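Down below is the structure, laid out as structure tokens.
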Amino acid sequence: MMKKKLALALALVMSIGLLLPGCTSSDPGTGSGGGSGSQGGSSFSSDLTPKDGGTSLTFTTGGETGTYYGFGGVIAGKVSDLTSTSVKAISSGGSDANIKNMQLGDAQIGFTQSDVMMYAYNGERTFESPVTDFSVVADLYMEQVQIVTLDPDIKTVADLKGKRVSIGASGSGVFFNAVDILGAYGLDVEKDITPTYQSFGDSTEALKDGQIDAAFVVAGAPTTAVTDLAAGRDVYLVSLDQEHIDALIEASPYYSQATISKDVYNTAEDATTVAIGAVIIARDDVSEADVYNFLFGTFEDIPNLSHGKAAELDLEFATSITSIGYHPGAVAYFADKGITVPGK
């Protein structure tokens, strides 16, 4: 009875808050999902019903100036608001670290780049042996490889030769994207550039201070770190040419061609690049109900999911992965949406 009274009191307080000006937040880094869609004035409605989960999940995202962290916090808040599953989004070292944290039991669910997911599953690159005790939850959106510079004379990837370039943390997804792209142009990360191994935020600060000439940022555009940089400087994005894009995709099919509109960072022209998927994965031992609820919170109230990436959520894209099986909770959720996905 006491719990019911407390829940009703909290619902009343949150309902009042939604009606008061200035009480909602669109800050993607706050971790707020914008409140439960069932509360005052919200347009939330769903034909589905969340499951009886009740578990607290740790959700590893990425660095605090990246899209994983901002969008992950919003999703966590929405899942916690709409279902009995509580999700806590925390910052992390990104894709590689998220998978390894899940192996250690320090997290139950997390973001990963689609290419890093395959490295883990196949036991490649930083993974000494295959990691197979995780399943796909959903593919959420595309992450563009953004090669950022303040130097207008750096126009092509080839122009990075001899330059100081941030290529992400050693062994990270960003690092291997840089290795792949530089390699496609015949450049070695250790011999042909002066590499630094920095986060997105540290990279943009180093660009401002003139400590580096360019930085690889792999995240959904717009990315907070680059947006902040572009607010006070003329930012340039280095494009890839079609010949090298085609060769890269042939060698590594998890890449796809992408365009970053000039409107994203107020650049002089669109940038042509490649992208990989931003995938949510979960440990196999996470309950079916909790993964179902995670997807319920992600997809059932998209209009009130207060982050720019929410506009890119799409059930067809979410269910497009065929290389690794989906978690039973994801299989159940997508079945309720009329979509069959391969289970594990």
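Apart from one condition, Ile260 fits all of (1) of a type in the set (A, V, I, L, M); (2) more than 17 Å from the chain's Cα centre (by Cα); (3) surrounded by 21 or more Cβ atoms within 10 Å (Cβ to Cβ); the exception is (2). Based on what the data block shows, is Ala282 under 17 Å from the mean Cα position of the chain (by Cα) and assigned to a loop (DSSP other than H, G, I, E, B)? Judged against the criteria, Ala282 is not a match.
With respect to (1) within 18 Å of Ser239 (Cα to Cα); (2) touching a residue at least 12 places away in the same chain (Cβ under 8 Å); (3) out of contact with any Phe, Trp or Tyr (no Cβ under 7 Å at 6 or more places or on another chain); (4) surrounded by fewer than 21 Cβ atoms within 10 Å (Cβ to Cβ), the lone exception for Val148 is condition (4). Could you tell me whether any residue of region 85-94 is modelled with pLDDT under 95 and over 30 Å from Pro303 (Cβ atoms)? Within region 85-94, one or more residues are modelled with pLDDT under 95 and over 30 Å from Pro303 (Cβ atoms).
Within region 118-172, being farther than 27 Å from Met102 by Cβ and of a type outside the set (A, V, I, L, M) holds for Thr149, Asp151, Pro152, Asp153, Lys155, Thr156, Asp159, Lys161, Gly162, Lys163, Arg164. Taking the listed residues Ala221, Ala158, the one that is hydrophobic (A, V, I, L, M, F, W, C) and without any contact (Cβ under 8 Å) to a residue 60 or more places away in the chain is Ala158, with no other qualifying.
Yes or no: Phe59 modelled with pLDDT of 85 or more, aromatic (Phe, Trp, Tyr) and not in a helix (DSSP H, G or I)? Here the answer is yes, as Phe59 does meet what is asked. Would a scan of region 320-336 turn up a residue that is modelled with pLDDT of 95 or more and either under 26 Å from Thr227 (Cβ atoms) or of a type in the set (Lys, Arg) (or both)? No, because not a single residue in region 320-336 is modelled with pLDDT of 95 or more and either under 26 Å from Thr227 (Cβ atoms) or of a type in the set (Lys, Arg) (or both).
The values are calculated or read from the model by the stated rules, or taken from the named source; none is laboratory data. Owing to the predicted nature of the structure, the values given are computational and were not obtained by experimental measurement. Reconstructed Cβ throughout: ideal geometry from the backbone, glycine too, with neighbour counts over all protein chains shown.
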